[in-house]
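Below is one structure, written out as C-alpha coordinates; comments come after it.
The values are calculated or read from the model by the stated rules, or taken from the named source; none is laboratory data. Keep in mind it's a predicted model, so treat the numbers as computed, not measured. Using ideal geometry, Cβ is built from the backbone for each residue, glycine included, and neighbour counts are taken over all protein chains shown. What goes into the accessible areas is simple: the full protein's heavy atoms, side chains included, and nothing from ligands, DNA or RNA. Shrake-Rupley method; radii C 1.70, N 1.55, O 1.52, S 1.80 Å.
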Amino acid sequence: MKRGTRMAGSRVPLARNPVDRMLWLVGDDAADASALKVRVIARLLLIGAAVENTEALRAWASQPQYALHVGLCALFWIAAVAGWFERYTRYAAVVAAAGMVAHHISAFPLNANHHYLLLLCLALVAFFDHRSDEERSLLLAGLKWIALIGLFYAGIQKVLWGYYFRGEFLAYAIAQNERFSSFFSWLIPADELQRLRAIKPGEGAGPYRVDSPLFMAMSNLSYLGELILPPLLLFARTRTFAVAALLVYVFAIEAGARELFFGLMIVGLILLFAPANWLRRSFPLFIAGYVYLTLLALGWVPRWYFT
(Lines give C-alpha, C1' and ligand atoms only; values in the text may rest on other atoms or scores of the structure.)
Protein backbone atom coordinates (compact mmCIF):
# COMPACT_ATOMS: atom_id res chain seq x y z
CA MET A 1 0.00 0.00 0.00
CA LYS A 2 1.55 3.28 -1.05
CA ARG A 3 1.08 6.37 1.02
CA GLY A 4 0.31 9.67 -0.60
CA THR A 5 2.57 12.68 -0.44
CA ARG A 6 2.63 14.64 2.80
CA MET A 7 1.01 18.01 3.18
CA ALA A 8 3.38 20.84 4.03
CA GLY A 9 3.92 21.00 7.78
CA SER A 10 1.91 17.83 8.36
CA ARG A 11 3.10 14.45 9.58
CA VAL A 12 -0.05 12.71 8.34
CA PRO A 13 0.14 11.62 4.67
CA LEU A 14 -2.57 12.40 2.18
CA ALA A 15 -4.78 9.33 1.82
CA ARG A 16 -5.60 8.13 -1.68
CA ASN A 17 -8.41 5.74 -0.76
CA PRO A 18 -10.69 4.86 2.18
CA VAL A 19 -8.34 2.12 3.42
CA ASP A 20 -5.48 4.62 3.61
CA ARG A 21 -7.65 7.14 5.41
CA MET A 22 -8.66 4.55 7.99
CA LEU A 23 -5.09 3.29 8.45
CA TRP A 24 -3.72 6.72 9.27
CA LEU A 25 -6.47 7.68 11.69
CA VAL A 26 -4.08 6.52 14.42
CA GLY A 27 -1.63 9.24 13.39
CA ASP A 28 1.82 9.25 11.86
CA ASP A 29 5.23 10.27 13.19
CA ALA A 30 8.20 12.10 11.78
CA ALA A 31 11.06 9.86 10.65
CA ASP A 32 13.22 10.36 13.75
CA ALA A 33 10.27 9.79 16.11
CA SER A 34 9.15 6.66 14.27
CA ALA A 35 12.70 5.27 14.38
CA LEU A 36 12.85 5.83 18.15
CA LYS A 37 9.44 4.26 18.75
CA VAL A 38 10.21 1.18 16.66
CA ARG A 39 13.56 0.70 18.37
CA VAL A 40 12.07 0.95 21.86
CA ILE A 41 8.89 -1.10 21.32
CA ALA A 42 10.84 -3.86 19.53
CA ARG A 43 13.24 -4.15 22.45
CA LEU A 44 10.39 -4.19 24.94
CA LEU A 45 8.53 -6.93 23.07
CA LEU A 46 11.65 -9.07 22.80
CA ILE A 47 12.64 -8.60 26.44
CA GLY A 48 9.06 -9.22 27.58
CA ALA A 49 8.96 -12.52 25.68
CA ALA A 50 12.25 -13.64 27.22
CA VAL A 51 11.32 -12.71 30.79
CA GLU A 52 7.83 -14.20 30.61
CA ASN A 53 9.13 -17.47 29.24
CA THR A 54 11.70 -17.56 32.04
CA GLU A 55 8.89 -17.20 34.57
CA ALA A 56 6.87 -19.88 32.74
CA LEU A 57 9.60 -22.49 33.28
CA ARG A 58 8.28 -22.98 36.83
CA ALA A 59 4.97 -24.20 35.42
CA TRP A 60 6.66 -26.48 32.88
CA ALA A 61 9.10 -28.06 35.37
CA SER A 62 6.94 -31.16 35.92
CA GLN A 63 5.76 -31.48 32.31
CA PRO A 64 7.21 -33.61 29.49
CA GLN A 65 7.73 -30.44 27.41
CA TYR A 66 10.11 -28.94 29.98
CA ALA A 67 13.25 -29.48 27.89
CA LEU A 68 11.55 -27.85 24.89
CA HIS A 69 10.69 -24.76 26.92
CA VAL A 70 14.17 -24.50 28.38
CA GLY A 71 15.44 -24.40 24.80
CA LEU A 72 12.79 -21.87 23.82
CA CYS A 73 13.69 -19.71 26.81
CA ALA A 74 17.34 -19.67 25.72
CA LEU A 75 16.19 -18.77 22.20
CA PHE A 76 14.11 -15.85 23.48
CA TRP A 77 17.04 -14.48 25.49
CA ILE A 78 19.34 -14.70 22.46
CA ALA A 79 16.72 -12.77 20.48
CA ALA A 80 16.34 -10.19 23.27
CA VAL A 81 20.10 -9.54 23.35
CA ALA A 82 20.34 -9.39 19.55
CA GLY A 83 17.41 -6.96 19.48
CA TRP A 84 19.51 -4.29 21.20
CA PHE A 85 21.55 -4.01 17.99
CA GLU A 86 19.50 -2.27 15.32
CA ARG A 87 20.95 -4.28 12.45
CA TYR A 88 19.72 -7.50 14.09
CA THR A 89 16.38 -6.34 15.52
CA ARG A 90 14.28 -7.61 12.65
CA TYR A 91 16.01 -11.00 12.63
CA ALA A 92 15.58 -11.23 16.40
CA ALA A 93 11.86 -10.65 15.95
CA VAL A 94 11.72 -13.48 13.40
CA VAL A 95 13.37 -15.83 15.89
CA ALA A 96 11.12 -14.72 18.76
CA ALA A 97 7.97 -15.01 16.64
CA ALA A 98 8.97 -18.54 15.62
CA GLY A 99 9.58 -19.34 19.28
CA MET A 100 6.12 -18.04 20.18
CA VAL A 101 4.58 -20.29 17.51
CA ALA A 102 6.32 -23.29 19.08
CA HIS A 103 5.15 -22.14 22.51
CA HIS A 104 1.56 -21.85 21.29
CA ILE A 105 1.59 -25.32 19.80
CA SER A 106 3.07 -26.83 22.96
CA ALA A 107 0.75 -25.02 25.38
CA PHE A 108 -2.50 -25.20 23.37
CA PRO A 109 -5.27 -24.88 24.49
CA LEU A 110 -3.93 -23.33 27.72
CA ASN A 111 -2.37 -20.30 26.03
CA ALA A 112 -2.77 -16.96 27.75
CA ASN A 113 -4.79 -14.44 25.74
CA HIS A 114 -1.99 -11.89 25.57
CA HIS A 115 0.36 -14.47 24.02
CA TYR A 116 -1.61 -14.14 20.78
CA LEU A 117 -1.18 -10.38 21.01
CA LEU A 118 2.57 -10.78 21.60
CA LEU A 119 2.92 -13.15 18.66
CA LEU A 120 1.08 -10.77 16.33
CA CYS A 121 3.21 -7.81 17.41
CA LEU A 122 6.46 -9.74 16.99
CA ALA A 123 5.33 -10.90 13.55
CA LEU A 124 4.75 -7.29 12.50
CA VAL A 125 8.15 -6.23 13.80
CA ALA A 126 9.67 -9.07 11.78
CA PHE A 127 7.70 -8.31 8.62
CA PHE A 128 8.59 -4.65 8.02
CA ASP A 129 11.96 -3.17 7.06
CA HIS A 130 12.97 -0.85 9.91
CA ARG A 131 15.40 1.05 7.68
CA SER A 132 12.58 2.34 5.46
CA ASP A 133 10.65 5.39 6.73
CA GLU A 134 7.55 4.21 4.90
CA GLU A 135 7.62 0.64 6.20
CA ARG A 136 8.50 1.81 9.69
CA SER A 137 5.43 4.07 9.71
CA LEU A 138 3.28 1.20 8.47
CA LEU A 139 4.63 -0.98 11.28
CA LEU A 140 3.75 1.62 13.91
CA ALA A 141 0.28 2.09 12.43
CA GLY A 142 -0.27 -1.67 12.61
CA LEU A 143 0.87 -1.88 16.23
CA LYS A 144 -1.34 1.05 17.18
CA TRP A 145 -4.38 -0.52 15.55
CA ILE A 146 -3.68 -3.82 17.32
CA ALA A 147 -3.66 -2.04 20.68
CA LEU A 148 -6.76 0.02 19.92
CA ILE A 149 -8.80 -2.91 18.58
CA GLY A 150 -7.67 -5.20 21.40
CA LEU A 151 -8.73 -2.76 24.11
CA PHE A 152 -12.05 -1.94 22.44
CA TYR A 153 -12.85 -5.61 21.81
CA ALA A 154 -12.20 -6.39 25.48
CA GLY A 155 -14.93 -3.89 26.34
CA ILE A 156 -17.29 -5.47 23.81
CA GLN A 157 -16.70 -8.88 25.37
CA LYS A 158 -17.50 -7.56 28.84
CA VAL A 159 -20.78 -6.15 27.52
CA LEU A 160 -21.68 -9.39 25.74
CA TRP A 161 -21.01 -11.52 28.83
CA GLY A 162 -23.18 -9.17 30.87
CA TYR A 163 -21.55 -9.81 34.25
CA TYR A 164 -20.42 -6.23 34.78
CA PHE A 165 -23.71 -4.31 34.66
CA ARG A 166 -24.69 -5.37 38.17
CA GLY A 167 -21.20 -6.22 39.35
CA GLU A 168 -21.40 -10.02 39.44
CA PHE A 169 -17.91 -10.62 38.04
CA LEU A 170 -16.15 -8.09 40.25
CA ALA A 171 -18.04 -9.31 43.33
CA TYR A 172 -17.06 -12.92 42.60
CA ALA A 173 -13.43 -11.95 41.90
CA ILE A 174 -13.13 -9.98 45.13
CA ALA A 175 -14.75 -12.72 47.19
CA GLN A 176 -12.86 -15.67 45.74
CA ASN A 177 -9.55 -14.28 44.49
CA GLU A 178 -6.96 -12.83 46.86
CA ARG A 179 -5.28 -10.67 44.21
CA PHE A 180 -8.58 -8.84 43.59
CA SER A 181 -9.66 -8.70 47.21
CA SER A 182 -6.36 -7.22 48.37
CA PHE A 183 -6.93 -4.16 46.19
CA PHE A 184 -10.69 -3.82 45.64
CA SER A 185 -12.17 -5.09 48.92
CA TRP A 186 -12.52 -1.50 50.15
CA LEU A 187 -15.35 -1.11 47.63
CA ILE A 188 -17.56 -3.53 49.58
CA PRO A 189 -18.93 -3.11 53.12
CA ALA A 190 -17.31 -5.56 55.55
CA ASP A 191 -20.52 -7.54 56.20
CA GLU A 192 -21.17 -7.87 52.46
CA LEU A 193 -17.62 -9.07 51.86
CA GLN A 194 -18.01 -11.68 54.60
CA ARG A 195 -21.27 -12.89 53.04
CA LEU A 196 -19.70 -13.19 49.59
CA ARG A 197 -16.70 -15.10 50.91
CA ALA A 198 -19.01 -17.56 52.64
CA ILE A 199 -20.52 -18.60 49.29
CA LYS A 200 -19.01 -21.84 48.04
CA PRO A 201 -18.30 -21.62 44.29
CA GLY A 202 -20.23 -24.05 42.13
CA GLU A 203 -23.28 -24.42 39.94
CA GLY A 204 -26.13 -22.28 41.25
CA ALA A 205 -23.94 -20.44 43.77
CA GLY A 206 -24.68 -16.80 44.53
CA PRO A 207 -26.00 -14.29 44.13
CA TYR A 208 -22.83 -12.27 43.76
CA ARG A 209 -24.54 -8.90 44.10
CA VAL A 210 -23.44 -5.75 45.96
CA ASP A 211 -25.59 -2.67 46.51
CA SER A 212 -22.76 -0.17 47.04
CA PRO A 213 -23.06 2.68 44.46
CA LEU A 214 -19.27 3.08 44.37
CA PHE A 215 -18.86 -0.64 43.70
CA MET A 216 -21.40 -0.53 40.88
CA ALA A 217 -19.69 2.49 39.37
CA MET A 218 -16.30 0.74 39.37
CA SER A 219 -17.77 -2.40 37.82
CA ASN A 220 -19.37 -0.45 34.98
CA LEU A 221 -16.32 1.73 34.44
CA SER A 222 -14.32 -1.43 33.75
CA TYR A 223 -15.98 -1.83 30.34
CA LEU A 224 -16.90 1.81 29.68
CA GLY A 225 -13.23 2.74 29.79
CA GLU A 226 -12.46 0.18 27.08
CA LEU A 227 -15.37 1.31 24.91
CA ILE A 228 -14.92 5.08 25.23
CA LEU A 229 -11.18 5.74 25.53
CA PRO A 230 -9.69 3.72 22.60
CA PRO A 231 -11.81 5.51 19.93
CA LEU A 232 -10.52 8.83 21.30
CA LEU A 233 -7.06 7.75 20.14
CA LEU A 234 -8.27 8.32 16.58
CA PHE A 235 -8.55 12.09 16.99
CA ALA A 236 -5.52 14.34 17.34
CA ARG A 237 -7.28 16.67 19.77
CA THR A 238 -8.22 13.89 22.19
CA ARG A 239 -5.26 11.56 21.68
CA THR A 240 -3.07 12.81 24.51
CA PHE A 241 -5.97 12.76 26.96
CA ALA A 242 -6.90 9.23 25.83
CA VAL A 243 -3.34 7.99 26.30
CA ALA A 244 -3.14 9.43 29.82
CA ALA A 245 -6.59 8.11 30.76
CA LEU A 246 -5.83 4.65 29.38
CA LEU A 247 -2.61 4.49 31.37
CA VAL A 248 -4.51 5.27 34.56
CA TYR A 249 -7.17 2.73 33.57
CA VAL A 250 -4.64 -0.04 32.93
CA PHE A 251 -2.79 0.65 36.18
CA ALA A 252 -6.07 0.52 38.13
CA ILE A 253 -7.19 -2.75 36.54
CA GLU A 254 -3.81 -4.46 36.79
CA ALA A 255 -3.42 -3.46 40.45
CA GLY A 256 -6.13 -6.04 41.08
CA ALA A 257 -5.62 -8.48 38.23
CA ARG A 258 -1.80 -8.47 38.56
CA GLU A 259 -1.38 -9.39 34.89
CA LEU A 260 2.08 -7.86 34.87
CA PHE A 261 3.31 -9.18 31.54
CA PHE A 262 0.18 -8.11 29.70
CA GLY A 263 0.14 -4.83 31.58
CA LEU A 264 3.71 -3.92 30.59
CA MET A 265 3.08 -4.88 26.97
CA ILE A 266 -0.18 -2.96 26.57
CA VAL A 267 1.27 0.13 28.27
CA GLY A 268 4.15 0.07 25.77
CA LEU A 269 1.69 -0.16 22.88
CA ILE A 270 -0.49 2.64 24.27
CA LEU A 271 2.57 4.89 24.52
CA LEU A 272 3.05 4.55 20.75
CA PHE A 273 0.16 7.02 20.43
CA ALA A 274 2.00 9.58 22.56
CA PRO A 275 4.95 11.78 21.58
CA ALA A 276 8.13 9.74 21.20
CA ASN A 277 9.75 11.21 24.31
CA TRP A 278 7.04 9.60 26.49
CA LEU A 279 8.21 6.14 25.42
CA ARG A 280 11.89 7.10 25.58
CA ARG A 281 11.64 8.49 29.11
CA SER A 282 9.62 5.53 30.38
CA PHE A 283 12.00 2.96 28.86
CA PRO A 284 14.18 2.72 32.02
CA LEU A 285 11.04 2.03 34.06
CA PHE A 286 10.12 -0.84 31.75
CA ILE A 287 13.64 -2.26 32.05
CA ALA A 288 13.52 -1.96 35.83
CA GLY A 289 10.19 -3.81 35.83
CA TYR A 290 11.54 -6.62 33.66
CA VAL A 291 14.71 -6.91 35.76
CA TYR A 292 12.56 -7.29 38.87
CA LEU A 293 10.36 -9.90 37.17
CA THR A 294 13.48 -11.79 36.10
CA LEU A 295 14.70 -11.83 39.70
CA LEU A 296 11.29 -13.14 40.75
CA ALA A 297 11.42 -15.85 38.11
CA LEU A 298 14.86 -16.93 39.32
CA GLY A 299 13.71 -16.93 42.94
CA TRP A 300 16.23 -14.28 43.99
CA VAL A 301 13.61 -12.01 45.57
CA PRO A 302 10.48 -12.93 47.59
CA ARG A 303 7.70 -14.22 45.39
CA TRP A 304 4.10 -13.08 45.25
CA TYR A 305 1.26 -14.03 42.95
CA PHE A 306 1.04 -12.45 39.52
CA THR A 307 0.53 -13.55 35.93
| message | Using just the Cα positions, wrap the chain in a convex hull and report its mean projected area in square nanometres, one decimal place. | response | 17.9 nm²
| said: Could you tell me how far the Cα centroid of the range 128-193 sits from the Cα centroid of the range 233-274, in Å? | reply: 10 Å
| message | Please report the carbon-and-sulfur percent of the accessible area for the range 144-274; probe 1.4 Å, protein heavy atoms only, DNA, RNA and ligands left out. | response | 67 percent
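To one decimal place, what orientation-averaged projected area in nm² is obtained for the convex hull of the Cα set of the range 164-226? Can you show the working numbers first?
Numbers: hull surface 17.0 nm².
With the hull built on Cα positions only, its mean projection is 4.2 nm².
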| task | May I ask you to list the aspartates and glutamates whose Cα is less than 17 Å away from that of residue 158, ignoring any residue fewer than eight positions away on the same chain? | result | 168, 226, 254
| task | Enumerate the residues in the range 38-55 having an amide nitrogen under 15 Å from the point lying 7 Å beyond the Cα of residue 81 toward its Cβ. | result | 47, 50-51
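List the chymotrypsin sites (Phe, Trp or Tyr not before Pro) within the range 56-90 that DSSP assigns to loop and that have no more than 13 neighbouring Cβ atoms inside 10 Å. Don't jump to the answer; show the numbers that get you there.
Numbers: sites: 60, 66, 76, 77, 84, 85, 88; in loops: 84, 85.
Hits after loop and neighbour filter: 85.
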| Net charge dipole size for the range 144-274 [Lys, Arg +1 and Asp, Glu -1 on Cβ; Debye, nearest 20] | 260 debye
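Under the rule a/c < 1.5 gives rounded, and otherwise a/b versus b/c splits prolate from oblate, where does the range 46-186 land using the Cα gyration tensor? Could you put the intermediate results ahead of the total?
Numbers: a/c = 2.55, a/b = 1.39, b/c = 1.83.
It comes out oblate by the Cα gyration axes.
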| Computed over the Cα atoms of the range 210-307, what is the ratio Rg over Rh, Rh following Kirkwood? | 1.04
| field | Residue among 289, 47, 273 farthest towards the positive dipole end of the chain, charges placed on Cβ | value | 273
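More than 19 angstrom separation, counting every C-alpha pair in the range 144-274; what % is that?
Details: 4427 of 8515 pairs.
I get 52 percent for the Cα pairs in the range 144-274 exceeding 19 Å.
Rounding to the nearest 20 debye, state how big the charge dipole of the range 38-147 is about its Cα centre with +1 on each Lys and Arg Cβ and -1 on each Asp and Glu Cβ.
Values: 8 positive and 7 negative charges, 23 e Å.
Approximately 120 debye in magnitude.
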| request: Report the label-to-label distance for residue 21 and residue 108 in nanometres (one decimal), using points 7 Å from each Cα along the Cα→Cβ vector. | output: 4.0 nm
| What is the dipole size for the chain, taken about its Cα centre, with +1 at each Lys and Arg Cβ and -1 at each Asp and Glu Cβ, in debye to the nearest 20? | 580 debye
| What is the distance, in nm, between label points placed 7 Å from the Cα along the Cα-to-Cβ direction at residue 132 and at residue 58? | 4.4 nm
